[in-house]
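Enquirer: Quick one: the structure is below, and I'll ask about it shortly.
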Amino acid sequence: YQESDLYELMASEYMQSGDTVNYMETLNLGASKFPTSKYFIPNLINVYIRNGENEKAMDYLDQAIKNDPSNSCDLNSVKAALYSERNEFEKAEEEYNKALAQDEDCERALEGLAVNYILQAQNLKDVTAQITDRKIQAENDEKTIKFYMMALPHLEKFAQNLKNREADESTIKSALIKLQNVYYNLSNLGVDKS
């Protein structure tokens, strides 16, 4: 056995017994003693995210990305999602693009980046609905179209990847609904995507 295995077993036992204090203590100890382990830091990240402690999660994500750059698809996508939740869309886009640079078929990043653009389009649509100045509405509509158009290739590739790997039907359907939503919104904005 490796020494890290013992700490993993201890952490697992604490978690199963509901002893969150010792679980967190063991995770932190394991993360400091075995920084390249794929057990301690990812579990700490999950706990911090569940507890709404996103800054701590971000710190550990940075460490995890540094320790395991080959896992960029998952790690950068999680970091991007945290940025997106805070409406820091440019930072989220940057992280999703880092994941896609590592793996152009990273499904989490393809879907996440598309959703990142869709959220920006929806936010802009909501703002535009409150505006009475037709010129500003037209300008915002152009920006909204741009966001939806930027989402399309990522969503299309994501849906195709799911079909190619024969993902379960509900996962494919969820991707297609997002794609349909983008087509529908573009159509309402005068872009023919029939």
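Enquirer: Scan the range 163-178 for residues that are of a type in the set (A, V, I, L, M) and within 17 Å of the chain's Cα centre (by Cα) and report the count. Don't jump to the end; show me each part of the working.
Expert: Let us first name the residues in the range 163-178 that are of a type in the set (A, V, I, L, M), namely 167, 172, 175-177.
Next, only the ones that are within 17 Å of the chain's Cα centre (by Cα) stay: 175.
Number satisfying all stated conditions: 1.
Enquirer: Let me ask you something else. Among the residues of the range 81-92, count how many are open to solvent by 50 Å² or more (accessible area, probe 1.4 Å) and in a helix (DSSP H, G or I).
Expert: Number of matching residues: 3.
Enquirer: Can you tell me which residue within the range 131-149, out of those that are among the aliphatic types (A, V, I, L, M) and within 23 Å of the chain's Cα centre (by Cα), is surrounded by the most Cβ atoms within 10 Å (Cβ to Cβ)? Write out each step before concluding.
Expert: Step one: list which residues in the range 131-149 are among the aliphatic types (A, V, I, L, M), which gives 131, 136, 138, 145, 149.
Narrowing further to those that are within 23 Å of the chain's Cα centre (by Cα): 145, 149.
Values: Ile145: 17, Met149: 15.
Among those that are among the aliphatic types (A, V, I, L, M) and within 23 Å of the chain's Cα centre (by Cα), it is Ile145.
Enquirer: Would you check which residues across the range 105-149 are hydroxyl-bearing (Ser, Thr, Tyr) and either touching a Phe, Trp or Tyr at 6+ places or on another chain (Cβ under 6 Å) or farther than 27 Å from Gln160 by Cα (or both) and list them?
Expert: Tyr117, Thr128, Thr132
Enquirer: Of the residues in the range 150-163, how many are surrounded by fewer than 16 Cβ atoms within 10 Å (Cβ to Cβ) and either of a type in the set (Lys, Arg) or farther than 14 Å from Glu111 by Cβ (or both)?
Expert: Of all residues in the range 150-163, those surrounded by fewer than 16 Cβ atoms within 10 Å (Cβ to Cβ) come to 153, 156, 160, 163.
From what is left, the residues that are either of a type in the set (Lys, Arg) or farther than 14 Å from Glu111 by Cβ (or both) are 163.
So the answer is 1.
Enquirer: Here's a follow-up. Looking only at the range 125-135, how many residues end up being in a helix (DSSP H, G or I) and farther than 20 Å from Leu186 by Cβ?
Expert: Filtering the range 125-135 down to residues in a helix (DSSP H, G or I) leaves 125-129, 134-135.
Still in the running and farther than 20 Å from Leu186 by Cβ: 134-135.
The total comes to 2.
Enquirer: Same structure, new question: Lys91 fails exactly one of the following numbered conditions: (1) of a type in the set (D, E, K, R); (2) closer than 27 Å to Asn28 by Cβ; (3) at pLDDT below 95. What is the number of that condition?
Expert: (3)
Enquirer: If you don't mind, another one. Got at least one residue in the range 113-134 being among the β-branched types (Val, Ile, Thr) and free of Cβ contacts under 8 Å to residues at least 12 places away in the same chain?
Expert: Start the filter on the range 113-134 by keeping residues that are among the β-branched types (Val, Ile, Thr), which leaves 115, 118, 127-128, 131-132.
Now narrow it down to the ones that are free of Cβ contacts under 8 Å to residues at least 12 places away in the same chain: 131-132.
Checked the range 113-134: at least one residue is among the β-branched types (Val, Ile, Thr) and free of Cβ contacts under 8 Å to residues at least 12 places away in the same chain.
Enquirer: Report, by residue number, each residue of the range 15-54 that is hydroxyl-bearing (Ser, Thr, Tyr), open to solvent by 40 Å² or more (accessible area, probe 1.4 Å) and either in a helix (DSSP H, G or I) or over 18 Å from Lys66 (Cβ atoms) (or both). Even if it seems obvious, please write down each step before you answer.
Expert: Let us first name the residues in the range 15-54 that are hydroxyl-bearing (Ser, Thr, Tyr), namely 17, 20, 23, 26, 32, 36-37, 39, 48.
Of the ones still in play, those that are also open to solvent by 40 Å² or more (accessible area, probe 1.4 Å) are 17, 20, 32, 36, 39.
Selection gives Ser17, Thr20, Ser32.
Enquirer: Right, here's the next one. Could you check how many residues of the range 106-123 are among the acidic types (Asp, Glu) and open to solvent by 50 Å² or more (accessible area, probe 1.4 Å)? Walk me through it before giving the result.
Expert: Here is the first cut: in the range 106-123, the ones among the acidic types (Asp, Glu) are 107, 111.
Then keep just the ones that are open to solvent by 50 Å² or more (accessible area, probe 1.4 Å); that gives 111.
Result for the range 106-123: 1.
Enquirer: Continuing with this model, one more query. Got at least one residue in the range 139-161 being in a loop (DSSP other than H, G, I, E, B) and out of contact with any strand residue (DSSP E or B) (no Cβ under 8 Å at 6 or more places or on another chain)?
Expert: Within the range 139-161, the subset in a loop (DSSP other than H, G, I, E, B) is none.
Checking the range 139-161: not a single residue is in a loop (DSSP other than H, G, I, E, B) and out of contact with any strand residue (DSSP E or B) (no Cβ under 8 Å at 6 or more places or on another chain).
Enquirer: Would you point out which residue out of Ser12, Ser77 is open to solvent by less than 40 Å² (accessible area, probe 1.4 Å), free of Cβ contacts under 8 Å to residues at least 12 places away in the same chain and assigned to a helix (DSSP H, G or I)? Let's see the steps before the verdict.
Expert: Values: Ser77 fails: free of Cβ contacts under 8 Å to residues at least 12 places away in the same chain.
Sole residue among the options that is open to solvent by less than 40 Å² (accessible area, probe 1.4 Å), free of Cβ contacts under 8 Å to residues at least 12 places away in the same chain and assigned to a helix (DSSP H, G or I): Ser12.
The values are calculated or read from the model by the stated rules, or taken from the named source; none is laboratory data. Just so it is clear, the model here is predicted, and its values are computed rather than measured. Note that each Cβ is placed from the backbone with ideal geometry, even for glycine, and that neighbours are counted across all protein chains shown. Each accessible area value is taken on the protein alone, full model and side chains, heavy atoms only, with ligands, DNA and RNA left out. Shrake-Rupley method; radii C 1.70, N 1.55, O 1.52, S 1.80 Å.
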